[in-house]
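To start, the structure itself, in structure tokens.
The values are calculated or read from the model by the stated rules, or taken from the named source; none is laboratory data. Everything numeric in this text was worked out from a predicted model, so none of it was measured. Counting neighbours? That spans all protein chains shown, and the Cβs are built from the backbone with ideal geometry, glycine included. Side chains included, ligands, DNA and RNA excluded: accessible areas come from the protein's heavy atoms. Shrake-Rupley method; radii C 1.70, N 1.55, O 1.52, S 1.80 Å.
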Amino acid sequence: MNFHEYQAKELFAQFGIPVPQGIVANTADAAVEGARQIGGDQWVVKAQIHAGGRGKAGGVKLAKTLTQVRDAAAKMLGTRMATYQSAGRALPVNTVLVTEATEISKELYLSMLVDRTAKAVTFIASPMGGVDIEQVAHEHPEKIFTVEVNFMQGLQAFECRKLGFAMGLGAKQTAQLAKIMLAMFALFNQLDMSLIELNPLVINSAGDLVALDGKLNCDDNALFRQAKLEAMQDVSQEDPLEAQAARHDLNYVALDGNIACMVNGAGLAMATMDVIKLYGGEPANFLDVGGGATTERVTEAFKLILGNDKVKAILVNIFGGIVRCDLIAEGIIAAVKEVGISIPVVVRLEGTNVDKGRDLLKASNLSLIPASDLADGAQKAVAAAAKV
């Protein structure tokens, strides 16, 4: 689960990470009032979407008057914004964040994530902040510093100092960095985060460290115990089909192809997409209906698939282990009848009671194309999509 910048900063402040004063607004008038409350003579108006790169897309504006605050907010609110990080989607700008302007002496980078290679939570730091860390790693790998935290001992003060010294910070700033890192570590563990990123973490004109921007990702699997975080979810920032899938406990990811896949099991779904590619096709989605593929779940899965107008054929690849193939076949038949599908549907069943399942599909008098195995199913789906 992703968060808006203003939500991330609210959580940062709760854990003691210093952030600029800011007020969120959903109208131009509210933005002006927020600037008045903050005070000062310069403000930054920032569009709130679930993507970085907003500055290059016109989503971050410096305002030197209240009129400029109003104009900047009015131009952003109610629009849609695409950045190089929004995966080709233009995301709705429903709110803006008005913050006090900060005089910047230096921009740093600091993040914390789960490093599966190291099997540890790892801090990544660089004295080159404000740009993509991937770019820094590619062009200046010597400027990337890491600390792998021992999960038994937790984050140690000397590890914080190590990063501070590596980035060339003075004693005062290194002490501040240690407090920020310990706060990040507490936030990460208590709120089940998978990523915390402070970019840029700046040194202001007073020589203090401040998190000027931030990104948070929470582990979706932990939301059952993070009700407050779940309430912060903004589904308007998500792919509509993926949001619909989540409401029905379906694992769905939209792709760019024209052959839709409906599979029970994540590993089988990945294999199905690979075989479609092998035979010259392009998968339109990843869709795992789970081990207990009921009629209701299959029906919702078909609705999801048909919500993508690029789909020219559907490959249903079900292995009947936990659920018998005859029950799965009944679910497919009922779902096809309810949804009303006009594009080719290739069905491959395997597992418990597979013969009964195939007989049911054959006797249904529906335009379903049977497949003997996965390779056969993929080839038939590719051929069917080419004819549509």
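For the chain, take every pair of Cα atoms, bin their distances at 10 Å starting from 0, and report each bin as a whole percent.
Bins of 10 Å from zero give 5, 20, 23, 20, 17, 11, 4, 0 percent of pairs.
Might you report the magnitude of the Cβ-based charge dipole of the chain about its Cα centre, with Lys and Arg at +1 and Asp and Glu at -1, to the nearest 20 debye? Write down the numbers at each step before the final one.
Details: 36 positive and 43 negative charges, 77 e Å.
Using only the charged Cβ atoms, the result is roughly 380 debye.
Please list the three semi-axes, largest first and in whole Å, of the ellipsoid equivalent to the stretch 101-221, using sqrt of 5 times the eigenvalues of its alpha carbon gyration tensor. Don't jump to the answer; show the numbers that get you there.
Working: eigenvalues 93, 50, 45 Å².
Over the Cα atoms of the stretch 101-221, the semi-axes work out to 22, 16, 15 Å.
Dipole of the stretch 195-309, Cα-centred, from +1 at each Lys and Arg C-beta and -1 at each Asp and Glu C-beta, to the nearest 20 debye?
Values: 7 positive and 18 negative charges, 50 e Å.
Rounded to the nearest 20 debye, it is 240 debye.
Non-local amide H neighbours of LYS106 (under 5 Å, H modeled in plane, Pro and chain starts lacking H): which ones?
Amide H neighbours of LYS106: ILE203.
Among VAL235, ILE332, GLY290, whose Cα sits farthest toward the positive end of the charge dipole of the stretch 226-372 (+1 at Cβ of Lys/Arg, -1 at Cβ of Asp/Glu, about the Cα centre)?
ILE332
Using alpha-carbon positions, what is the distance between the centroids of the stretch 123-191 and the stretch 247-321, in Å?
Distance between centres, Cα-based: 41 Å.
Pairs of alpha-carbon atoms within less than 8 angstrom and 6+ residues apart define the contacts here; what relative contact order does the chain have, in percent? Working shown, then result.
Numbers: 791 pairs, mean separation 47.3, N = 388.
In percent, rounded to a whole number, it is 12.
Helix 66-76 against the longest principal axis of the chain: what's the angle in degrees, Cα atoms only, rounded to the nearest 10?
So the inclination is approximately 10 degrees.
Report, to one decimal in Å, the Kirkwood hydrodynamic radius for the stretch 1-86 based on all distinct Cα pairs.
Every distinct Cα pair counted, the radius reaches 13.5 Å.
Roughly how big is the stretch 37-163's charge dipole about its Cα centre, with Cβ charges of +1 (Lys, Arg) and -1 (Asp, Glu), in debye to the nearest 20? List each step's numbers first, then the result.
Working: 15 positive and 12 negative charges, 92 e Å.
Roughly 440 debye for the stretch 37-163.
Using a 1.4 Å probe on the protein heavy atoms only, what accessible surface does ASP132 show? Give it in Å² to the nearest 10.
50 Å²
If you take the charge dipole of the stretch 241-388 about its Cα centre, with +1 on Lys and Arg Cβ and -1 on Asp and Glu Cβ, which of MET273, GLN244, SER372 is farthest toward its positive end?
SER372
Please report Rg (one decimal) and Dmax (integer) in Å for the Cα set of the stretch 300-388.
Rg then Dmax for the stretch 300-388, in Å: 12.4, 35.
Give me the one-decimal nm value for the distance between modelled label points at ARG80 and LYS362, 7 Å along each residue's Cα-to-Cβ direction.
For ARG80 paired with LYS362, the spin-label model returns 4.7 nm.
Could you tell me how many degrees, from 0 to 90 and to the nearest 10, lie between the Cα long axis of helix 28-38 and the main elongation axis, the longest principal axis, of the Cα atoms of the chain?
40 degrees
Using the Karplus equation 6.51 cos²θ - 1.76 cosθ + 1.60 (θ = phi - 60°), what ³J(HN,Hα) coupling, rounded to whole Hz, does each residue of the stretch 5-21 give in order, writing x for Gly and Pro?
With the stated coefficients, the stretch 5-21 comes to 4, 5, 5, 4, 5, 4, 5, 4, 4, 4, 9, x, 8, x, 9, x, 5 Hz.
Would you please give the residues with an amide H less than 5 Å from that of ALA82, counting only those at least 5 places away or on a separate chain, with H modeled from the backbone geometry?
Residues meeting the amide H criterion: LEU91.
Which percent of the accessible heavy-atom area of the chain goes to carbon and sulfur, probe 1.4 angstrom?
Values: 9460 of 18410 Å².
About 51 percent, which is the carbon plus sulfur part of the accessible surface.
What is the set of long-range amide H partners of PHE3 at a cut-off below 5 Å, with H atoms built 1.01 Å from backbone N?
LEU216
Can you pull the one-decimal nm distance between simple spin-label points at ALA175 and TYR279, each 7 Å off the Cα toward Cβ?
Taking the two extended label points, one gets 6.9 nm.
Using the Karplus curve 6.51 cos²θ - 1.76 cosθ + 1.60 with θ = phi - 60°, work out ³J(HN,Hα) for each residue of the stretch 178-183 in order, rounded to whole Hz, and write x for Gly and Pro.
4, 5, 5, 5, 5, 5
Of the options GLY52, GLY16, ALA30, report the single residue whose Cα projects farthest towards the positive end of the charge dipole of the stretch 1-105 (beta-carbon charges: Lys, Arg +1; Asp, Glu -1).
Toward the positive end, the furthest listed residue is GLY52.
When ligands, DNA and RNA are left out and all protein chains stay put, how many square angstrom of accessible area per residue does the chain have with a 1.4 Å probe? Intermediate values should be presented prior to the final figure.
On the way: 18410 Å² over 388 residues.
Result: 47 Å² per residue.
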